[in-house]
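Note sheet for the following structure.
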Amino acid sequence: YIRDLIGLEVVDAETGDNIGKLKDVLQPSNQDVYVVKRAEGSDVLIPAVSEFIKEVNVKEGFIRVHLIEGMLE
């Protein structure tokens, strides 16, 4: 459920760096979009597809993601 995901830490799958916390899940069409609140206050939009979302672990409290160049800009 979406409510179980809100607040999870979002971390980079390659570096382990903390990207932020999941703030919301948008459901505009065929795929969900994760809205991640970064520490400095900006939001990052990450499509919820297997190319980007590598692991969701509600029990441990994190989402591991793979980002491509330009996603954090």
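Of all residues in the stretch 27-38, exactly one satisfies the criterion of being of a type in the set (A, V, I, L, M) and either modelled with pLDDT under 95 or in contact with a Pro (Cβ under 7 Å, 6 or more places away or on another chain) (or both), namely V33. Could we say that G41 is open to solvent by less than 50 Å² (accessible area, probe 1.4 Å) and either of a type in the set (K, R) or modelled with pLDDT of 95 or more (or both) here? No, not satisfied.
Note on the stretch 53-73: residues that are under 17 Å from I2 (Cβ atoms) and either touching a His at 6+ places or on another chain (Cβ under 9 Å) or open to solvent by less than 50 Å² (accessible area, probe 1.4 Å) (or both) total 6. For the stretch 12-26, a residue qualifies if it is more than 13 Å from L45 (Cβ to Cβ) and open to solvent by 40 Å² or more (accessible area, probe 1.4 Å), and the qualifying residues are E14, T15, G16, D17, N18, K21.
The values are calculated or read from the model by the stated rules, or taken from the named source; none is laboratory data. Values in this document were obtained by computation on a predicted structure and should not be read as measured data. Positions of Cβ are generated from backbone atoms using ideal geometry, with glycine treated the same way; all protein chains shown enter the neighbour counts. These accessible areas exclude ligands, DNA and RNA; they are computed on the full protein's heavy atoms, side chains included. Shrake-Rupley method; radii C 1.70, N 1.55, O 1.52, S 1.80 Å.
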